[in-house]
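Okay, structure first, notes after.
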Amino acid sequence: MSNFIDAVSSQAFMQNAIFGGILASVACGVVGSYVVVKRIGYLAGGIAHSVMGGMGIAYYLDRPPIEGALVAALVFALILGWVSLKMQQQEDTVIGALWAGGMAVGILFISQTPGYSADLMSFLFGNILMISSDDLIWIGGLDIFILLIVFLFYKQFLALSFDEEFARLRGIPVERFYLLFLILVALTVVILIQIVGLILVIALLTLPAAVSGHYVRSLSLMMGLATVLGVLFTSGGLALSYQPDLPPGPTIILIAGAFYLVSLLVTRFGKKA
Amino acid sequence: MSTNSVIKIKNLDFSFGGPKILENIEIDIQRNEFIGMVGPNGSGKTTLLKIIMGVLIPDKGSVKVLGNPPSQSVQEIGYMPQFASFSRDFPINVEDTVLMGRLGKTPSIGFFNKSDKRAAEKAMNDVEVLDLRKRVIGSLSGGQLQRVLIARALTCEPQIMILDEPTANVDMKVEKDIFDLLKQLNEKITIIVVTHDIGFISQYIHRVACINRTLTCHPTSELTGETIENMYGSHMHMVHHHHEGEKK
């Protein structure tokens, strides 16, 4: 543990990693809370995985993968949003198809890129230790955008996730806000891919919010606590993985998962007692 | 047109593309009326309410709410749905739930303001849930939740309230409390309430609108004891008949 603290105080890459975790936790706490209460984890998972297509294409074109990820996340968020609004009966099938299709596109493009596979693991599992100061600016900018939108339309998003039918009857343009919300999910996914990679995004997006939801009585508190938990999980994962030289992404996710299970058991057991 | 007419429907037909769900509906609801709407399941009650609120568009006929097309007047209608269409474990307290009713009346950007909070407080006070304001909705009893939903419908300061089976999941005592409350509200607000319990509510309402594809109105003065039984009985019979027809 003292080695880890030494590394954080002396190594720029460790400072970037910690700071990246904190910035990512903001988006993940705020947007993740909406995802959990609106119960669209599967749809968010579809967005996260289909992003592989965009990253693969960007990689093939020799562009930064994050650019491809951003474009693909926005495009797939809008497609999936449209599907879930217009094709409710087949929603899960269509999400599954786009989920796998996006990944397949990404793998094909990566396979056609000379010297592939080197970075494949970092697409899939992320690498918080590789976060540069440029990445931090990206992530910080996306955070600010997400917070701004949520501040402006907090009550519409609350109404939409709480009671969509009632929101519609009060004259809220529900479809437009739903698509705007999915854009926020897409941006958050892009941020989190830097931290834990696209396979594990969905866990980091939902678990801090889900744990937080066990204890709080309002959506805004849920977001706050989820953000704190996100910081705890990412920093904890970094600390635990440092000494034995484990990949930090999976370590972060396992910590989050363990917290969630314990919290679930405690709250269930507490209610029965 | 009479200035006291709040909802005026003429010659209305509606279908979801197949057989007519509603046919030749005519009704003229006056200000401060208390209308009970009855009819078997699937008779088109909720469909008609959705047309009045501008969610569904009729195939034919005219609908005026407060003299305007429904989509322009929906902000003036307080609606309490038949089923709470939200999950009871959502992290939200009574006050924030009631505030949702202010949507459409409050500026679209930013948080709820002071006048929203005042309106919510008044609505909670009117339905006697003010002391529950900080409770999460998951901890409320069925009767308390119904009151909160009425407060949510009230908080937009509506001219019309539409309640779709407000007492479906509560016991007799709570049902009476809720209708006493509605009777009070009716001094200022026109109320339409969907119910199955026509015998019980006949002491509260002015007119009964019986819907089963078509609509027939009866003033409650014409309805006492046996006639109510017969009317509802004959409707039940019609449902039975319909089901047989559909199976073939």
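Values quoted throughout were computed directly from the atomic coordinates according to the rules given, and no laboratory measurement underlies them. Worth saying up front: this structure is predicted, and the values here are computed from it rather than measured. Heads up, the Cβs are rebuilt from the backbone with ideal geometry, glycines too, and the neighbour counts pull from every protein chain shown.
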task: Any chance you could run the full-extension gain for B:His206 through B:Ala168? It's 0.36 nm times the residue separation minus the Cα-Cα distance, nm to one decimal.
output: 11.6 nm
- request: Show that you can apply the helix-only estimate: for the protein assembly as shown, add -39,500 (n - 2.57) for every DSSP H stretch of four or more residues, divide by all residues, and state [θ] at 222 nm to the nearest 500.
  value: -20000 deg cm²/dmol
- request: Kindly provide the Kirkwood hydrodynamic radius of region A:2-272 in Å, to one decimal, from all pairs of distinct alpha carbon atoms.
  value: 18.9 Å
- prompt: B:Pro107: net charge of surrounding residues, Cβ under 13 Å, Lys/Arg +1, Asp/Glu -1, itself excluded?
  reply: +3
Normalised convex hull volume, the protein assembly as shown, alpha-carbon set, Å³ per residue: 185 Å³
message: I want to check the label-to-label distance for B:Gln82 and A:Arg268. Put each point 7 Å from Cα in the C-beta direction and report it in nm to one decimal.
response: 3.4 nm
- request: Out of all DSSP beta bridges with both ends in chain B, state the antiparallel percent to the nearest 5.
  value: 55 percent
field: Net charge dipole size for chain B [Lys, Arg +1 and Asp, Glu -1 on Cβ; Debye, nearest 20]
entry: 740 debye
About the Cα centre, charge dipole magnitude for the protein assembly as shown (Lys/Arg +1, Asp/Glu -1 at Cβ), debye: 620 debye
- prompt: Peptides B:47-54, B:163-170: what's the order by average Cβ count within 10 Å, highest mean first?
  reply: B:47-54, B:163-170
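Inside 10 Å of the C-beta atoms of A:153-163, what's the mean count of C-beta atoms belonging to other chains?
Across the residues of A:153-163, the mean count of other-chain Cβ atoms within 10 Å is 6.
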message: Between B:Lys60 and B:Gln184, what is 0.36 nm times their sequence separation minus the Cα-Cα distance? Round to one decimal in nm.
response: 41.1 nm
task: Among the lysines, select those whose C-alpha is under 20 Å from the C-alpha of A:Lys86, and discard any that sit fewer than 8 residues away in the same chain.
output: A:Lys38, B:Lys50
- prompt: Dipole of chain B (Lys/Arg Cβ +1, Asp/Glu Cβ -1, origin at the Cα centre): which of B:Val63, B:Thr47, B:Ile198 lies farthest to the positive side?
  reply: B:Val63
field: region A:47-185, dipole about Cα centre (Lys/Arg Cβ +1, Asp/Glu Cβ -1), debye to the nearest 20
entry: 320 debye
query: Which helices of chain A meet both criteria: a Cα extent of 15 Å or more along the helical axis and a mean Kyte-Doolittle score no lower than -0.5, with helices taken as whole DSSP H segments?
result: A:12-38, A:41-60, A:65-86, A:91-111, A:133-152, A:174-213, A:219-242, A:248-272
query: Along the charge dipole of region B:98-224, Cβ charges K/R +1 and D/E -1, which of B:Phe111, B:Met161, B:Ile211 sits furthest on the positive end?
result: B:Phe111
- prompt: Taking Cα centroids, how far is region A:1-35 from region B:66-144 in Å?
  reply: 39 Å
message: Can you give me the long-range amide H partners of B:Gln30? Hydrogens built in the peptide plane at 1.01 Å from N, cutoff under 5 Å, separation of 5 or more residues or another chain.
response: B:Val6
field: Partner lysines for B:Lys173 [C-alpha distance under 26 Å; skip if fewer than 8 residues away on the same chain]
entry: B:Lys45, B:Lys122, B:Lys134, B:Lys183, B:Lys188
- prompt: Roughly what would the spin-label model give for A:Asp134 and B:Gln72, points 7 Å off Cα along C-beta, in nm?
  reply: 5.6 nm
- prompt: What do you get for Rg/Rh of chain B when both radii come from the Cα atoms and Rh is the Kirkwood radius?
  reply: 0.97
